[in-house]
1. Relative contact order for the chain using alpha-carbon pairs under 8 Å, separation at least 6, rounded to a whole percent?
2. Output the peptides 146-152, 118-124 sorted from most to least packed, where packing is the average of other Cβ atoms within 10 Å over each peptide's residues.
3. Among the lysines, which fall within straight-line cross-link reach of Lys494, defined as a Cα-Cα distance under 23 Å, with same-chain neighbours fewer than 8 residues apart omitted?
4. Using a 10 Å cut-off around each Cβ, can you sort Tyr508, Tyr84, Tyr132, Tyr499 from fewest to most neighbouring Cβ atoms?
5. Enumerate the aspartates and glutamates that Lys381 could reach by cross-link, defined here as Cα to Cα under 13 Å, with residues fewer than 8 away along the same chain left out.
6. Against the longest principal axis of the chain, how steep is helix 318-330, in degrees 0 to 90 to the nearest 10, with axes from Cα atoms?
7. Treat each spin label as a single point 7 Å out from the Cα along the C-beta direction, and report the Ile14 to Arg316 distance in nm.
8. Note the angle between two axes, namely the Cα long axis of helix 175-189 and the longest principal axis of the Cα atoms of the chain, as a number of degrees from 0 to 90, rounded to the nearest 10.
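Any read-out appearing in this document is the output of simple, stated calculations on the displayed coordinates, not a laboratory observation. Being a predicted model, the structure only gives us computed values, none of them experimental. For neighbour counting, all protein chains shown are included, and Cβ atoms are generated from backbone atoms with ideal geometry for every residue, glycine included.
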Amino acid sequence: MELTPSASETAMAIPIPSRQLYIDGEWREPLKRKRIPIINPSTEEIIGDIPAATAEDVELAVDSARRAFSRNKGRDWASASGAYRAKYLRAIATKVLERKSQLAKLEALDCGKPLDEAAWDMDDVAACFEYYAGLAEDLDAKQKAPISLPMETFKCHILKEPLGVVALITPWNYPFLMATWKVAPALAAGCTAILKPSELASVTCLELADICKEVGLPAGVLNIVTGLGVESGAPLASHPHVDKIAFTGSNLTGSRIMASAAQMVKPVSMELGGKSPIVVFEDVNLDKAAEWTTFGCFWTNGQICSATSRLIVHERIAAKFLEKLIDWTRNIKISDPLEEGCRLGPVVSKGQYEKINKFIQTAKSEGATVLCGGGRPQHLKKGFFIQPTIITDVDTSMQIWREEVFGPVLCVKTFSSEDEAIELANDTQFGLGAAVISNDLDRCERVSKAIRSGMVWVNCSQPCFCQAPWGGIKQSGFGRELGEWGLENYLSVKQVTQYISNEPWGWYVVPKSKL
């Protein structure tokens, strides 16, 4: 009889590679020789460690990136052709797919993401590098694009040039994918970069370093430093030789980065928090709408900034819809992320686990009702597991309505009219995403225009494609990632204008020649 290995046995069979910092194309031990333990959120056990950079290591990484950006005239990364850079991006994509299984398992172990999701992320990582390889090649053709002028004595063209050395600071919920959203366009544009992933999930980002080394990416083009935010992220964000900062993370950290960048008038792009609505009208198919509502909030263990975690449902169908929603929610398989069919794993850390539980308890103390979930799954005694939770009887003044939970928690309000639904949807300081579910496409279009957010999904929630822009408004940040907009984040536009007439300009009186 052949036995199927348990998830814990499988985890033991997947060793966490022991890596160092990646600086100037080489592995380098942190100068202070500090390391941070990796905690498996499913078991609460230490399964490895990562290097902990400090300001001294950041200095080396920035210096390496600066030299790679302008190493030798005509031979540096910045002045290389887009086609040259594209070869490396495609080589990275190929290696990611070759290592897909290992990378997905490492990510599941590191941050608790269900294995199927992690594998899907690896496909997206490869697709993103391929996509920006194509845009890098297109950039060659778009250089010196002429501009039509009203005066025939002048001609003008545009140069798109890399901004320089960029700092890329990324979160733990999509460790490899969020890093790729920044690394791929930055390198395609000709920038050199220092990537600082979250200390809560850095394993696959260090594997990206190994891939870069394997494909022969020129030294210093991409440097990867792991460590605590205060010890490595802050020195990187405030470094005077960093030309731009791209950040995804909390509003508090984002505001600090903005303040630091403002001192040096340095460009930043930011994707911050969210509290996105999903508006469900009375004409929907209940099962279809319930599945998208479930997916929109509980995908990625509920740890996604764009989660549609505020359900705004028409009062006429609210009772029946919530019954359906409970059925869908209770059918979600909660398990070790390496188990087959897992659809909800643990949240990333003990701190996050405690924070989410506090949100739930506060909602109850304020008078809300936990309709479903609200605690630890009974069959899981260890790990940072939280049941997918639905909370009703919510008032718009409550914390659960106003603040980002970043966990598998959905709060619910009803509405009676389209105008009321729009008002509730816009009742937030955030503006990242929103979803509208209705069979009336004219209504979907009206509501999509009326909702103040950077993205709106119609009859779905959370789809993301590297060809389309991603980002928000209000306190959800500014700037856009992905698509051509993502490449523009790392480019400076230069106007070059030439006087082409053989005649003098003629503004001043021509001086008389001396005899």
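1. Numbers: 1143 pairs, mean separation 90.3, N = 515.
Relative contact order of the chain: 18 percent.
2. With the highest mean Cβ count within 10 Å placed first, the list reads 118-124, 146-152.
3. Within the straight-line cut-off, Lys494 pairs with Lys73, Lys142, Lys144, Lys155, Lys160, Lys182, Lys244, Lys266.
4. Ranked by crowding around the Cβ, least crowded first: Tyr508, Tyr499, Tyr84, Tyr132.
5. Cross-link targets: Glu44, Asp336.
6. For 318-330 against the chain, the angle is about 80 degrees.
7. The answer from the label model is 4.7 nm.
8. Helix 175-189 and the main axis of the chain meet at about 20 degrees.
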